[in-house]
Every structure is written in C-alpha cells, then in structure tokens.
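Working notes, beginning with the structure itself.
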Amino acid sequence: MFHNIPPGMARRMRDLEEIDARDRDDGTPRLERLRQVPPETGRFIALLAAAAPPGMVIEVGTSAGYSAMWLALACRETGRSLATFEVLPAKAAIARETFRLAGVDDIITLVEGDAREHLAALDGIGYCFLDAEKEVYAACYELVVPRLVPGGLLIADNAINHYETLKPMIDRALADERVDAMVVPIGKGELICRKH
Ligand SMILES: C[S@@+](CC[C@H](N)C(=O)[O-])C[C@H]1O[C@@H](n2cnc3c(N)ncnc32)[C@H](O)[C@@H]1O
C-alpha cells in the first residue's frame, strides 16, 4: 500500500499537508480549515482498514479527502470501496477534486449531508473511521456499533487531544460489552473498538 502510492495521489497528499499546516498557523477560520489527520494517523487507519473483516468501509468527516486517500489505498489493496460522509458543501467540493486528482473517484463514494441521517440505513459495516465535529461522535458511535459485522472496527480520531469532550463516549466504549476498545497514542489519539 505505502510503497507504490500513485504519483497523483502522493502529490495531492503533499499539497493538502502543506495547506493544512498553513491553515493552522495563519488564522484561517476553524470551519474553513482542513483539520485533517497527520500522515502517521493516515498510515495507521489504512493498515487497520486493510485488516478489517469483509463489510462496508465508511468514513464520517471527509473534509478535503486526505484521510480518505489513505483509506482508498487499503480499499484498493483489498478490492473494496469507501463511502465517506461530509456535511459542508464547500468541503465536499474540495474532496471531489482530491479524488479526481488522486485517481480514486472510482472507489470512493462521497455522500453529502449529515452522516447521522444516513448511518441508520447501512448494514454490515466492516470498518468505520469517525472524524467529524466532536458533538456528533456519541450519536455516530451508537449508530455504527450495532451495524458492525463481527470483528468490525470503529476508529475514532481525537481521543487524546479532545479527551475531555469525548470522555463520555470513550468511557461508554471502554465499558461497552459489545466491543473491545482501547485508546492508542498515535497522532491525536485513536479510540479503537472491535465488535465481538
Ligand atoms: C476533522 S475534519 C475531517 C478530516 C478528514 N477526516 C481528514 O483527516 O482528512 C471534520 C469534518 O467532518 C465534517 N462533519 C462534521 N459533522 C459532520 C456530520 N454530522 N456528518 C458529516 N460530516 C460532518 C466537517 O464539516 C469537517 O469537514
């Protein structure tokens, strides 16, 4: 997956990494910033996605499509496709351009809208990466976990840098007998849940 990233994707990844770094420094308003995962998290979520059991691969919170490119590498490797949800039309437009430039629009479906309105209709989720506004994490958790296949994975970003805000959901996951869960100190902290 990581040894032969197509040149168009590698270029788009570098460009988005530069824009994201600049955004964080130059006072770009929060809603306009890309707020994407760092590269090490991208690699981590891709490795987990490639190891996930058969089932849908989904992402909640697309932004410009940076993490989706990492997940697309895993989908390509395992012959699957990715559905990614983005509520802001401006971000969805950038993501669409990302997927075109990266050459992955054949394996990624971008769904525009609030993911909470779509998750209930899904079934048989093998893998979910959750990286949206922190206020929607708990609702997404409750929608995704019952729909995971046995062995299915739910990964939630920001489990360390937004620990206080996410604590109720993290505590819920750690005590939830439907899953085994832990937080790993990669990037901004990843909550990993595996369904029994
Ligand atoms: C932290 S950014 C995602 C970064 C992206 N995962 C990456 O690493 O490249 C969060 C994104 O989630 C989107 N979002 C927030 N709430 C959402 C919801 N309920 N449904 C879908 N997208 C949502 C925001 O508009 C924003 O673009």
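Go through the range 34-80 and count every residue that is hydrophobic (A, V, I, L, M, F, W, C) and within 14 Å of the ligand (Cβ to nearest atom).
Applying the first criterion (hydrophobic (A, V, I, L, M, F, W, C)) to the range 34-80 yields 34, 37, 44-52, 56-58, 60, 64, 68-75.
Then drop every residue that is not within 14 Å of the ligand (Cβ to nearest atom), which leaves 34, 37, 44-46, 49, 57-58, 60, 64, 68-73.
Of the residues in that region, 16 qualify.
For the range 54-75, indicate whether the set of residues that are surrounded by fewer than 16 Cβ atoms within 10 Å (Cβ to Cβ) and in a helix (DSSP H, G or I) is non-empty. Scanning the range 54-75 turns up no residue that is surrounded by fewer than 16 Cβ atoms within 10 Å (Cβ to Cβ) and in a helix (DSSP H, G or I). Kindly evaluate residue 133 against the criterion of being within 12 Å of the ligand (Cβ to nearest atom), surrounded by fewer than 19 Cβ atoms within 10 Å (Cβ to Cβ), within 21 Å of residue 20 (Cβ to Cβ) and acidic (Asp, Glu). Yes, satisfied.
Of all residues in the range 163-189, those satisfying the criterion of being crowded, with 16+ Cβ neighbours inside 10 Å and either within 16 Å of the ligand (Cβ to nearest atom) or at pLDDT below 95 (or both) are 166, 169, 186, 187, 188, 189.
Is there a residue being on the phi > 0 side of the Ramachandran plot, under 15 Å from the mean Cα position of the chain (by Cα) and outside any helix (DSSP H, G or I) anywhere in the range 97-104? Within the range 97-104, not a single residue is on the phi > 0 side of the Ramachandran plot, under 15 Å from the mean Cα position of the chain (by Cα) and outside any helix (DSSP H, G or I).
Look through 93, 83 and report the one residue that is more than 7 Å from the ligand (Cβ to nearest atom) and under 16 Å from residue 12 (Cα atoms).
93
Per this entry, residue 84 is counted among residues that are closer than 30 Å to residue 175 by Cα, touching a helix residue (DSSP H, G or I) at 6+ places or on another chain (Cβ under 7 Å) and among the polar types (S, T, N, Q). Of the residues making up the range 2-12, one or more are aromatic (Phe, Trp, Tyr), loosely packed, with under 14 Cβ neighbours inside 10 Å, over 24 Å from residue 147 (Cα atoms) and out of contact with any strand residue (DSSP E or B) (no Cβ under 6 Å at 6 or more places or on another chain). All of (1) outside any loop (DSSP other than H, G, I, E, B); (2) of a type outside the set (D, E, K, R); (3) without any contact (Cβ under 8 Å) to a residue 40 or more places away in the chain hold for residue 126 with one exception: (3).
The values are calculated or read from the model by the stated rules, or taken from the named source; none is laboratory data. Since we're looking at a predicted model, the values are computed, not measured. For neighbour counting, all protein chains shown are included, and Cβ atoms are generated from backbone atoms with ideal geometry for every residue, glycine included.
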